[in-house]
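Data block below; observations after.
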Amino acid sequence: MLATNVLRMLSLLFLTTIFSAGCSGVKTYSSTLPKNMTASATLDSGSALKSTIAEFDIHRVTPSCDIDYLGRVYLDDGESTPVGIPTGEPLFLDFIFASKVFLSSNISAVRYETMLTPRSGYDYQVDARYVKGIFDVSIRETGKNGSTVRTLERRPLSSCKATTPKGNTAKR
């Protein structure tokens, strides 16, 4: 059991080092906004020799349906990460699950992308799960008093409707 835990820790350290070195130019998301989102991850690669990490990028969606990168949030297995996101404007969230087998140079990644327009007066709970090769992301919206809870549907960026300067809309 101790050998398994040591191998898992070494593999995780190796994976983290590779991602840090390969993504050193990636901006970490930071915000002084009130913390209205809590993101948590459940990660189980299914093998002591395979490590998985979870993270997500936050983008602002412009009126023309382009995206502006705001930064990356790193998620730790079993931990909750509070995040302050802007309300009243559309965001594009890009969740990334990356896995690596110990002593292999190959890294595999899967993505889950969705648009979200956070509302003032609500909190958002993100649950990102990667268990034995199967991933899922759920986002729940809760009123500040805890009265209203709803699970938000996945919305692709292609559902964005661009707005022209005159206020007309055009399908992206």
- The alpha-carbon center of region 36-82 and that of region 110-139 are separated, in whole Å, by 8
- Return 29, 69 ranked ascending by Cβ neighbour count within 10 Å, so the fewest neighbours appear first. 69, 29
- Proximal lysines to residue 161, defined as alpha-carbon separation beneath 27 angstrom and excluding residues fewer than eight positions away on the same chain: 171
- Note on the structure: Excluding residues fewer than 8 positions from residue 132 in its own chain, the aspartates and glutamates with Cα under 13 Å of it are 44
- For residue 50, list the aspartates and glutamates whose Cα falls under 20 Å from its own Cα; do not include residues on the same chain fewer than 8 positions away. 76, 77, 79, 136
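Can you tell me the FRET efficiency between residue 101 and residue 129 if r is taken as the Cβ-Cβ distance and R0 is 22 Å, rounded to the nearest 0.05?
Efficiency for this residue pair is about 0.65.
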- Note on the structure: Using the Kirkwood radius over Cα pairs of region 20-172, the Stokes-Einstein translational diffusion coefficient at 25 °C and 0.890 mPa s, in µm²/s and rounded to a whole number, is 147
- Message: Between residue 148 and residue 109, how high is the FRET efficiency from 1/(1 + (r/R0)^6) when r is the Cβ-Cβ distance and R₀ = 30 Å? Nearest 0.05.
- Response: 0.30
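Read-outs throughout are calculated quantities, based only on the coordinates presented, and are distinct from any laboratory measurement. Small disclaimer: the values here were computed from a predicted structure and weren't measured. For neighbour counting, all protein chains shown are included, and Cβ atoms are generated from backbone atoms with ideal geometry for every residue, glycine included.
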